[in-house]
There are 4 protein chains.
Amino acid sequence: MGKIKSKYNVFRQKAQIIIYGTNTKAGRLFDLILLGVILLSVFLVMMETVEGFDAKYHNQLVFVEWVITIFFTLEYILRIISIDKHIRYIFSFYGLIDLIATLPMYLSLFFPGTRILSVIRALRLLRLFKILNHPKFTSQSLHMKQALNASRGKIIVFIYFVLISTIIIGSVMYIVESKESGFTSIPMSIYWTIVTLTTVGYGDISPQTPLGQFLAALVMILGYGIIAVPTGIVTAEFAKRNTNQETDLNATKTTCSSCGTFTLNKEAKFCYRCGNKLNNNN
Amino acid sequence: MGKIKSKYNVFRQKAQIIIYGTNTKAGRLFDLILLGVILLSVFLVMMETVEGFDAKYHNQLVFVEWVITIFFTLEYILRIISIDKHIRYIFSFYGLIDLIATLPMYLSLFFPGTRILSVIRALRLLRLFKILNHPKFTSQSLHMKQALNASRGKIIVFIYFVLISTIIIGSVMYIVESKESGFTSIPMSIYWTIVTLTTVGYGDISPQTPLGQFLAALVMILGYGIIAVPTGIVTAEFAKRNTNQETDLNATKTTCSSCGTFTLNKEAKFCYRCGNKLNNNN
Amino acid sequence: MGKIKSKYNVFRQKAQIIIYGTNTKAGRLFDLILLGVILLSVFLVMMETVEGFDAKYHNQLVFVEWVITIFFTLEYILRIISIDKHIRYIFSFYGLIDLIATLPMYLSLFFPGTRILSVIRALRLLRLFKILNHPKFTSQSLHMKQALNASRGKIIVFIYFVLISTIIIGSVMYIVESKESGFTSIPMSIYWTIVTLTTVGYGDISPQTPLGQFLAALVMILGYGIIAVPTGIVTAEFAKRNTNQETDLNATKTTCSSCGTFTLNKEAKFCYRCGNKLNNNN
Amino acid sequence: MGKIKSKYNVFRQKAQIIIYGTNTKAGRLFDLILLGVILLSVFLVMMETVEGFDAKYHNQLVFVEWVITIFFTLEYILRIISIDKHIRYIFSFYGLIDLIATLPMYLSLFFPGTRILSVIRALRLLRLFKILNHPKFTSQSLHMKQALNASRGKIIVFIYFVLISTIIIGSVMYIVESKESGFTSIPMSIYWTIVTLTTVGYGDISPQTPLGQFLAALVMILGYGIIAVPTGIVTAEFAKRNTNQETDLNATKTTCSSCGTFTLNKEAKFCYRCGNKLNNNN
């Protein structure tokens, strides 16, 4: 009895190293395989929706989908038993996604037509963001995260301002333009305003009256101007961080014991002001 | 008589604290409720314009609109009586908007069909900008306001340049393109130029002749180039402000014990104003 | 005889002051009137092309146009006689535009239908750029001109790169996409590429095959990326100039006669390092 | 025999100087002619695809194409024999392009209809990028290359993030929107997402349901926000490089007469490496 338990514990430990570990060879290999299977599953779900493709390769698709589903199910079970805090994983963000991603195929056994739900599996792609914690990208993504976090406050104020402007402009355009031009309701006008302000410009709705076109031109120029604001905010943060990084790297100052002058030059052996020898232990 | 007046004064004072105050609990609660009611009223006006929705919930909509109108009316009256400068508020920007926002429903009693005017109520959303004075956002929005103010001069010169270019390009395109392509008049051509320069590109009007398309391509590349200008202006201002802010935050100032002057120079050993020796323990 | 000549010289001098001067009251007034007349003439030419408007107000339009034409003619003659270098003005850029702007109406007397040529008058709008030399805008526009000039070299390299990419992408898309999708020729494909790269996106031509759409998606992401380049170039120049401006304003250093340390602080009366009195004559 | 070989060697040397040299007059002239011929050949290939143009000038086009093909063939042969490492050139990137560019015309002799393949010749335009090595542009393009290289890491992380977001958004939009709106499959939805996120906005596919339009509005605002990220990255790099360049240019370095070390510190009176007194006359 104890032997089985001990064997089970060894197995659990191994599973833990493989699934959650990123430093061992097996752990890295598992991560790579998992990424590959996720990408494959998402690719299959995508291709299934392409007309003609599903008709042609229906059986193969179903087969591979079942293989992937079973792989995901085993991985899900292993993730639960190998971690110490079962409940916490199950109800964590990734835990729920992992569960939801396996369900559609099983459901399709009982309720035909629910196989399309496996689209949800695309959410497992979020796991791919974890790759950004890889040492190779850590500094880059950390740098970006910091810059974006620092600009969050200003971005929220900016979006708040844009949204309110959007409602007011949308209401005005609804009054000015007729329903025939596509401005059928205020929400529709607001949709048009966002399409225009962001310079997307589908053209499914566009003003037809001279006054509407005049206002639209103003909105476009406004949009042209305010696109500068988020860019300005983010760029300034990036630039600041770049400068600081530069400074941080160079900043180990050596102070002269004779005249008190300090230097940032790491190679300095003599004080540049009084010629005194420096205690530079860098 | 004096008692009534005194009671009225107490009431006025309370109303003033609730409506104009932002530091008391009641004042903040009132602000929140007001924001909620404004948002609800705007949402209802929006939904009314959606075909089918009004038909379905007509009575409910009219009922809620009357409730909101009465709330706004009471608020308007309280704002007038609780402030000391009645006239100034009534003819202030927000005072006029507050009045206009309450009128449409009353007008609709006498002139059926004017209920649509309650769209004007969207202007009350401008009050939501006051939320930006909340301490949480003050520094953020102040920072942005300063940066945008500082770049105003350059932005005006830029827009002036763009508008004149727009007229000239529009005139040239009107001559080059035929009326069949949608370039029916010079104002229409200018509209097209703005749609293209700002990279919105609806596609309702687009050049059809080879020469017109060639010129359009030039306009697009020009537009691609000049989008850099407002961004450059605003970003430079943001970056400058960021750097200054940084300096302010990192600076450890040393205050002179003799004359009270402070310096940010970390090397300073003597006060630059009175020559007194500094206690600089950096 | 000499009296007439002298009178003519006085008139010439006055005309010169009024037309070319910008410092006298009369000169400024003339400039304002001229700007007003140019704007009016351009506005009229624009409205003439609007269907219905010309039919309604034909006689009034022709009358005002003749008034403007005579005003421009008089101005042109005065400009010639009041300046010392007649020939140089006549064949200068603005001289030619001033001439061309007056001709269409006279031509329309002999060749009916040439009145539409008065569209050329829009070129007189270029004179409006002269307003940027107004002291109020000088520093702003100088600042912008410098920044744009400094980035010219990089912008040229960038546009060269974009144009060649455009030809290559256009050729590839022509092979990939069928003529039915609108990719009727390579120049047309290049036009589409520019429309897409600059994120204008009319939608009059858009890829229909899966491969074409895949390539188009790549082009869009590329376009998204390279929009950063001109912005980056211009912004960096603006930021540099901003910083320098800042530095230039503050930069008057005072050097300590005792220890040689300098300070940029204009208020400094004592050397911060040795406490010596400074000779600060700012 | 030896005479012929020697003559051949002289010829080879001359050819090498002309073709690969950029410092001699003949080399520069050859480069200019080659650029001209490449541009002409690309222009001809482009015009050939324009309907009507080919029909009109068929014979002339074929003639000029043969002239160009023979010129390219001779150039290709000369490039091979004049260089020392024949094989390396033949299998180099440019070597393969040079070969491929000459083949289509010869192939069209045996397989009619393959002349269209001469579109491939557009790839020779890549040679035009070599012009960027011209001293006039070197510093500009080097500067840009450095800035873009430095931002590569961040740009990759950014594109990775955008691509995954694109798949998730595309899947969601496929479920929300009906096939009638153009969202026929997930790949199509992803295509739409990229078209929208990059603010291109063709309008060939656009959401029709209220929920779809609401989500689309969110995607647009997201796209508006994330356009700031690549711009911020690249701009920060440009700005950094600009500042550094600035420093380099303004720096007046003082070289130590004893050990040869130089310093940029204007206050330096002693060499920081050997303690020798400096002759700093700033």
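The values are calculated or read from the model by the stated rules, or taken from the named source; none is laboratory data. Computed from a predicted structure; not experimentally measured. Here the Cβ is made from the backbone with ideal geometry for all residues, glycine too, and neighbour counts use every protein chain on show. All accessible areas refer to the heavy atoms of the entire protein, side chains included, with ligands and DNA or RNA removed. Shrake-Rupley method; radii C 1.70, N 1.55, O 1.52, S 1.80 Å.
Which condition number does C:Ala147 fail, the rest of (1) facing chain D (nearest Cβ under 9 Å); (2) buried (at least 21 other Cβ atoms within 10 Å of the Cβ); (3) under 18 Å from C:Arg241 (Cα atoms) being met?
With respect to (1) facing chain D (nearest Cβ under 9 Å); (2) buried (at least 21 other Cβ atoms within 10 Å of the Cβ); (3) under 18 Å from C:Arg241 (Cα atoms), C:Ala147 is out only on (1).
Is it true that D:Ile190 is at pLDDT 85 or above, in a helix (DSSP H, G or I) and either surrounded by fewer than 18 Cβ atoms within 10 Å (Cβ to Cβ) or at the interface with another protein chain (Cβ under 7 Å from one of its Cβ atoms) (or both)?
The answer is no for D:Ile190.
Within region A:227-238, does at least one residue satisfy the condition of being at pLDDT 85 or above, open to solvent by 30 Å² or more (accessible area, probe 1.4 Å), over 30 Å from B:Glu51 (Cα atoms) and under 38 Å from the mean Cα position of the chain (by Cα)?
no
Out of (1) part of a helix (DSSP H, G or I); (2) within 8 Å of chain B (Cβ to nearest Cβ); (3) aromatic (Phe, Trp, Tyr), what's the single condition that is false for C:Phe214?
(2)
Look at A:Ser108 and say whether it is in the same structural domain as A:Ile18 (by TED's automatic domain parsing), farther than 26 Å from D:Leu163 by Cβ and buried (at least 18 other Cβ atoms within 10 Å of the Cβ).
Yes, satisfied.
Anything in region A:150-167 that is crowded, with 17+ Cβ neighbours inside 10 Å and assigned to a helix (DSSP H, G or I)? List them, or say none.
A:Ala150, A:Gly153, A:Lys154, A:Ile155, A:Val157, A:Phe158, A:Phe161, A:Val162, A:Ile164, A:Ser165, A:Thr166, A:Ile167, listed by residue number.
Checking A:Ser185 against (1) in the same structural domain as A:Leu34 (by TED's automatic domain parsing); (2) more than 21 Å from the chain's Cα centre (by Cα): exactly one of these is not met. Which one?
For A:Ser185, the failing item is (1).
Within region A:30-49, does at least one residue satisfy the condition of being in contact with an Asp or Glu (Cβ under 6 Å, 6 or more places away or on another chain), away from every other protein chain (no Cβ under 14 Å), in contact (Cβ under 8 Å) with a residue 24 or more places away in the chain and not charged (D, E, K, R)?
No, region A:30-49 contains no residue that is in contact with an Asp or Glu (Cβ under 6 Å, 6 or more places away or on another chain), away from every other protein chain (no Cβ under 14 Å), in contact (Cβ under 8 Å) with a residue 24 or more places away in the chain and not charged (D, E, K, R).
Taking the residues in region B:32-52 that are open to solvent by 50 Å² or more (accessible area, probe 1.4 Å) and at pLDDT below 85 as candidates, determine which candidate is nearest to B:Ile68 (Cα to Cα).
Ranking the candidates gives B:Leu32 first.
Just the residues that are part of a helix (DSSP H, G or I) and either small (Gly, Ala, Ser) or not assigned by TED's automatic domain parsing to the domain that holds C:Pro230 (or both), please, taken from region C:168-182.
C:Gly170, C:Ser171, C:Ser181
Within region A:65-105, how many residues turn out to be among the acidic types (Asp, Glu) and either open to solvent by 70 Å² or more (accessible area, probe 1.4 Å) or in contact with a strand residue (DSSP E or B) (Cβ under 9 Å, 6 or more places away or on another chain) (or both)?
1
Among the residues of region D:55-64, which ones are surrounded by 15 or more Cβ atoms within 10 Å (Cβ to Cβ) and not hydrophobic (A, V, I, L, M, F, W, C)?
Within region D:55-64, just D:Tyr57 meets the criteria.
With the requirement that a residue be in a helix (DSSP H, G or I), of a type in the set (A, V, I, L, M) and within 8 Å of chain B (Cβ to nearest Cβ), what does region C:217-235 give you?
Result: C:Ile233, C:Val234.
List pairs: first residue in region A:179-195 and over 15 Å from D:Ser206 (Cα atoms) and hydrophobic (A, V, I, L, M, F, W, C), second residue open to solvent by less than 20 Å² (accessible area, probe 1.4 Å) and not in a helix (DSSP H, G or I) anywhere in the structure, Cβ distance under 8 angstrom, at least six positions apart or on different chains.
Filtered contacts from region A:179-195: A:Phe183/A:Glu177; A:Phe183/A:Ile205; A:Phe183/A:Pro207; A:Ile186/B:Thr49.
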